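Structure record follows, encoded as structure tokens.
What follows is calculated from the coordinates using simple rules that are stated; it is not laboratory data. In this text the structure is predicted, and so the values were computed from the model without any measurement. Cβ coordinates were reconstructed from backbone atoms using ideal geometry, including for glycine residues, and neighbour counts include every protein chain displayed.
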Amino acid sequence: MVFKRHVEVGRIVLINYGPEKGSLATIIDIVDQNKCLIDGPAELTGVSRQVISYSRIALTDLTVKIQVNARQKTLVAAWKTADTQAKWDASSWAKKLQSKKTRLSLSDFDRFKVMIAKKQKSEIINAKMIELGA
Amino acid sequence: MTVTKSPRYYPAEDIKPAKNTYRVKQNPPRIRKSITPGTVLILLAGRFRGKRVVCLKALESGLILVSGPYKINGVPLRRVNQAYVIATSTNVDVSKVDVSSFTDAYFARSKDSSTEGENEFFMGDAPKPAVVNDQRKADQKKVDDALLKSVASAPMMEAYLAAQFTLTTHDKPHTMQF
Amino acid sequence: MTVAGIMKQYQVVGRKAPTEENPNPEAYRMIIFSPNAVIAKSKFWYYMHQFRKMKKTTGEILDVVEIVEKNRRIVKNYGIWLRYNSRSGTHNMYREFRDVSLTGAVSQLYDEMAGRHRARPRSIQIIRTSTVAAKDLKRANGMQFAQANVKFPLAHRVASGKRGQKALSGSTFTTVRPTTYLG
């Protein structure tokens, strides 16, 4: 098993605990074996500069090219040039999170519509399966 | 020497001063914000539990006037307690429905004197079938005609009202949005 | 001091109470780490009566100020010299920590002394603290994180039972093997 995601300066992480759960951030320095320094940048993701434990973050595949202790301004510029937000939104991980969020926010009527749509879908699939002689 | 004269007469027994009586003013019960005329409600108790119905208005007693409509899911014009409904965010246009004639008095039960008395109770013959009077039927039709029109104008709304509300595995009603 | 927790840094100034013979006694200033100002004053008298013939009943505190780290934005290396009483004697020690603030490093120190040496806060005395340049670091652990281009994977990630999320060991039986490799 080869590791592809590393704790390193410039790695984009997803926060999975606390008030900023679900937000992206960038590692800007490594404190020790348990903690790192992250910055959103706050302007783009709403995560302010802070020390965070590795147990509260998940490493993503994305990185940006920055120096240690990069300031917010350079960080924002690095995100823009790397097109990080768009790349993240396009990833299946982000899509899954988004669809989970959408599912949770559905109203009762919406859930009913989904149920009907699901039935129609499986009807089509079943008809096709019979047609194929399966 | 005392300035004020003491009274000549003392009652033999203490007379208790009359207590201040005051009437408690009964405010009309508050209907929760999520329930407005036109809101689709899910009934949670009674013989129509699980049905999705349309709220028509709140009555003076704090009960809510609902209609299925009868043709779609079999729920007639009926009063329900707001504690036993879930209010959804879905709305049906009820501006065309005239519900001004419905009050709590309209739903009050008429006392049928013939069924009273011990004799009747024990010796009574076969139970009479419940008869819905023609006035009610006419009112139901009048309300539902207007209501069905606006239900038909919203896509899938009729099927939605006809369907029962159920919870299945992994459904957590406290985290669900309605 | 009986509790540790998140430490703060205080500057405490105190002196002997002025008398007829000595109306203007010498004042002493001390930097003390403690969770609050009350404990800081108590600690001041504890240390003071070891160095000079002074105690709380015959002295007075002139000033207690919390010292707040100015730059909490970058990670620094802190060296801390301390002495502590173990079960068998007194030891001097030097330890290094990486943190954004000195108080953070001192909090780490108290936690680590408790963990590694079972030392209680009351038996730890901090002698001196300083920031250390990366090249002057003495301890291997600090050194490996203080260099440029540090890079390492997070191996064997075990979901600990956090609020709103189940621990890996939360259920007695399961039909799926847990995943600890997250790339």
Degrees separating the helix A:92-104 axis from the principal Cα axis of chain A, which is the longest one: 60 degrees
Find the eigenvalues of the gyration tensor of the Cα atoms of segment B:39-165, then list the square roots of 5 times those eigenvalues as equivalent ellipsoid semi-axes, largest first, in whole angstrom. 31, 16, 15
Using only Cα atoms, tell me the angle between helix C:102-117 and the longest principal axis of chain C; keep it within 0 to 90° and round to the nearest 10. 70 degrees
Scaled radius of gyration (Cα, divided by 2.2 N^0.38 Å) that segment A:30-134 gives: 1.66
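Ignore the peptide's own chain and count Cβ atoms of other chains within 10 Å of each Cβ in A:110-118; give me the average, rounded.
3
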Per-residue mean of C-beta atoms belonging to partner chains within 10 Å, peptide B:155-162: 2
Which value, to two decimals, describes the C-alpha radius of gyration of the protein assembly as shown once divided by 2.2 N^0.38 Å? 1.64
Whole-angstrom Cα spans of segment B:1-96 along principal axes, big to small: 89, 26, 21
Shielding score for A:68-79, defined as the mean number of other chain Cβ atoms within 10 Å: 1
Net charge of neighbours whose Cβ lies under 13 Å from the Cβ of residue A:42, counting Lys and Arg as +1 and Asp and Glu as -1: +1
How many percent of the alpha carbon pairs in segment A:1-90 exceed a separation of 18 Å? 35 percent
Just check segment C:76-144 against the gyration tensor rule for me: Cα atoms, a ≥ b ≥ c as the square roots of the eigenvalues, rounded for a/c under 1.5, and otherwise prolate or oblate depending on whether a/b exceeds b/c. prolate
Helix B:134-153 sits at what angle to the longest principal axis of chain B, using alpha carbons and giving 0 to 90 degrees rounded to 10? 60 degrees
For segment A:94-134, the fraction of alpha-carbon pairs in successive 10 Å shells from zero, as %: 26, 32, 27, 15
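Translational diffusion coefficient of chain C at 10 °C, 1.306 mPa s, Stokes-Einstein with Kirkwood Rh over Cα pairs, in µm²/s as a whole number. Mind dumping the intermediate values first?
Details: Rh = 19.8 Å.
After rounding, the answer is 80 µm²/s.
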